[in-house]
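Chemist: I'd like to ask some things about the structure below.
The values are calculated or read from the model by the stated rules, or taken from the named source; none is laboratory data. Everything quoted here is computed from the prediction, not taken from an experiment. Keep in mind that these areas ignore ligands, DNA and RNA; they rest on the heavy atoms of the full protein, side chains included. Shrake-Rupley method; radii C 1.70, N 1.55, O 1.52, S 1.80 Å.
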Amino acid sequence: CPAYVDETEGTVVDLRDLLLSADDAALAGGYGSAPYGNLLSTLKDLIDDALFAPANDDDGNSGGGTPKLNDLLIGPLTESQSGTWGTFQMEGDVLHEKIEMSLVDLKGTIELGVSDITVENLDSVGYP
């Protein structure tokens, strides 16, 4: 049996070796020997394929367009929340603060409020 070499002895976890395949980690400057195993790199690959791979276009062809994340997660969540695909809304008061202040001869009240928030086009995640 070859001698066991623990390449994980340090206190720092090399994310290249943790999240990338052995070959990709070596190319990126990591050990490239999968010192932490391959479970997390396999999970990362599955997530990449499930959420970040290009979605099919309207004709069912794959390869172009935006990541699946838009169609599988962001769009349905925002539609269930606001009724509009890709839009997040919070109606009414979201934040209301009232601060009393007194500085020598200056006395007053400061009020800060945020209400009726709308964020649109959240389903526009794209590739860099």
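Chemist: Could you please put L73, L18 in sequence from largest to smallest accessible area, using a 1.4 Å probe?
Modeler: The ordering from most to least exposed comes out as L73, L18.
Chemist: Right, next: Report ³J(HN,Hα) in whole Hz for each residue of the range 18-27, in order, from the Karplus equation J = 6.51 cos²θ - 1.76 cosθ + 1.60 where θ = phi - 60°; Gly and Pro get x.
Modeler: Result, ordered by residue: 6, 10, 10, 5, 4, 5, 5, 5, 5, 5 Hz.
Chemist: Still on this model: Please give the solvent-accessible surface of E100 in Å², to the nearest 10, using a probe radius of 1.4 Å with every protein chain present.
Modeler: 130
Chemist: For the range 22-115, take N as its residue count and report Rg(C-alpha) divided by 2.2 N^0.38 Å.
Modeler: 1.98
Chemist: For D49, tell me the accessible area in Å² from a 1.4 Å probe, rounded to the nearest 10.
Modeler: Surface open to solvent at D49 totals about 100 Å².
Chemist: For L43, what accessible area in Å² do you get when you roll a 1.4 Å probe over the heavy atoms of the protein chains, rounding to the nearest 10?
Modeler: L43 has an accessible surface of roughly 80 Å² with all protein chains in place.
Chemist: State in Å² the accessible area per residue of the chain; use a 1.4 Å probe, count heavy atoms of protein chains only, and round to the nearest integer.
Modeler: Normalised by residue count, the accessible surface of the chain is 75 Å².
Chemist: Counting only protein heavy atoms and a 1.4 Å probe, tell me what percentage of the chain's accessible area is made up of carbon and sulfur.
Modeler: That fraction is 56 percent.
Chemist: Continuing with this model, one more query. Can you give the extra length, in nm with one decimal, that the chain gains between F52 and N38 once fully stretched, where that is 0.36 nm per residue apart less the Cα-Cα distance?
Modeler: So the extension gain works out to 3.0 nm.
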